[in-house]
Amino acid sequence: MRKSRTLIPICAFSLLLSACGFDMGVFGDKDEYKSYYETFGDLKGIVGKEEDYSYDLKDSLFNSTTINKFSWEKDDYVVKEKPYVYLTLQVKKELKIEGIALYLKAPAASSIVLSTYYFPTSSSAPKQDKIKYKDSPDEDEHGDPIQYDDPSKDLSICNVTISANAGEWIDFGLSNFHQEGYTDNYLHTAENSYIYVRIENNSGLNKEMTSVSFSFINLIIRAV
């Protein structure tokens, strides 16, 4: 569904209390969301084996400029338009996450397929040099299949397909998580754990899919 450039549509994910402020659960809005910024590391966009971009939550993804103007205060804060394969986020504290919302913009009309994964430790998460990219080979020099770190789509805790219009910001939400060991549809995180969102269009697991470049802004996470 086409969305306007406002955060009002996200109320479907219980992320807004009213037009006057955000309802972000345990983070609240005290001290200008200080606890929110302290809870998460940079959001990292992985493009290739040796290409990635890190974006500070406060500078690039959630502040008065991004929210009200859908732009960035400084050029250094701009989220680059790239064919990201994974978006990764470190969670520094134990949380019970109800929903995650983000806006993205692609230069061309696209159907973007996302899969979401949770890793309790950094050692259990895919390594950047062990991810399968579009130019990664299927077999080694001996003709044997290469094993990559990418998790199976069957292990995804939340799947979303986005219909993006060319050059327009569109929001999407991740919620109703199917996490092993839990039945409440929340995402339960441990200290220093990781959330990975795979863009299936850009993954080497799906070489038949058309790759898509995009930028993103306004990351909003509600925890209870």
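A short reminder: the numbers here are calculations on the coordinates, not readings from a lab. Computed from a prediction, not measured in an experiment: that's the story for all the values here. Backbone-built Cβ (ideal geometry, glycine too); neighbour counts: all protein chains shown.
Which parts of the range 140-175 would a label at Ser111 reach, counting a residue when its backbone N lies under 15 Å from a point 7 Å out along Cα-to-Cβ?
160-165
Would you mind working out the magnitude of the charge dipole of the chain relative to its Cα centre, with +1 at each Lys and Arg C-beta and -1 at each Asp and Glu C-beta, to the nearest 20 Debye? Present the calculation step by step, with values, prior to reporting the outcome.
Details: 24 positive and 34 negative charges, 165 e Å.
The calculated dipole for the chain is roughly 800 debye.
When the Karplus curve 6.51 cos²θ - 1.76 cosθ + 1.60 is applied with θ = phi - 60°, which whole-Hz ³J(HN,Hα) does each residue of the range 151-168 get, with x for Gly and Pro?
Each residue of the range 151-168 in turn: x, 5, 4, 5, 8, 5, 8, 6, 10, 9, 10, 10, 9, 9, 8, 4, x, 10 Hz.
Using a/c under 1.5 as the rounded threshold, could you call the range 37-106 rounded, prolate or oblate? The axes a ≥ b ≥ c are square roots of the C-alpha gyration tensor eigenvalues, and prolate needs a/b larger than b/c, oblate otherwise. All intermediate terms of the calculation are to be shown ahead of the outcome.
Working: a/c = 1.62, a/b = 1.06, b/c = 1.53.
It comes out oblate by the Cα gyration axes.
Explain nothing, just compute: Karplus ³J(HN,Hα) = 6.51 cos²θ - 1.76 cosθ + 1.60, θ = phi - 60°, for every residue of the range 84-101 in order, whole Hz, x for Gly and Pro.
Karplus-based 3J(HN,Hα) across the range 84-101 equals 4, 8, 9, 10, 10, 9, 7, 10, 8, 10, 5, 9, 10, 8, 8, x, 10, 10 Hz.
About the Cα centre, and with charges only on the beta carbon of Lys, Arg (+1) and Asp, Glu (-1), how big is the dipole of the range 43-120? Nearest 20 debye, please.
Numbers: 11 positive and 11 negative charges, 40 e Å.
Approximately 200 debye in magnitude.
Along the charge dipole of the chain, Cβ charges K/R +1 and D/E -1, which of Ala166, Asn192, Asn206 sits furthest on the positive end?
Ala166
Evaluate the charge dipole of the range 125-176 about its Cα centre and quote only its size in Debye, nearest 20, assuming +1 on the Cβ of each Lys and Arg and -1 on the Cβ of each Asp and Glu.
It works out to roughly 300 debye.
Under the rule of -39500 (n - 2.57) per DSSP H run of 4 or more residues, summed and divided by the residues of the chain, what mean residue ellipticity at 222 nm is obtained, to the nearest 500 deg cm²/dmol?
Working: 2 runs with 12 residues, N = 224.
Per the formula, -1000 deg cm²/dmol.
Each label point is 7 Å from the Cα along the Cα-to-Cβ direction; what then is the distance between the points at Val78 and Lys92, in nm?
That separation, rounded to one decimal, is 2.9 nm.
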